[in-house]
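Since every read-out is calculated from the coordinates, none of them should be taken as a lab result. Since we're looking at a predicted model, the values are computed, not measured. FYI the Cβ positions are ideal-geometry reconstructions off the backbone, even for glycines, and counts take in every protein chain you see.
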Amino acid sequence: MQEHERRVFAPDGKIVCPNGAEISGPADIADSHAHSFARFEASQHLLTGHDVELDGAPAEVRANLVAIHLGKDRPVTVRMEDRASPADLSQTGHGWRITEVRPRILWRSGYFGELAQTR
């Protein structure tokens, strides 16, 4: 079992797939993801528009998911350390604030490897 799933999911946590199939428990979720994502060279998942409802138990969150998956026929040559857009932060009297952002274009026209070819 991957440590990541154990930190994210409750012991009885589950995923209900769009087709209604259920995957229960961190170990089975990790196995399912390992099997499912083996067919992809790279993927990126973005969650936006979080709406959290804390009244009652359990708490509920709604969010939009954008998932991009590239098949193995699209080789990825970007190093892991080049994948994120770095930013610097400084603590001010009003909390942490961004002092500099250095965007990196990685997902252009649906092709992750384009960055490596243009560097």
Where only C-alpha atoms are counted, convex hull volume of the range 1-43 per residue in Å³: 81
Packing-based exposure ordering (other Cβ within 10 Å, fewest first) of Ser32, Ser90, Ser43: Ser90, Ser43, Ser32
Ala42 long-range amide H proximity, modeled H, under 5 Å: Leu70
Rounded FRET efficiency, nearest 0.05, which uses the C-beta distance separating Glu100 from Gln2 and R0 of 41 Å: 0.75
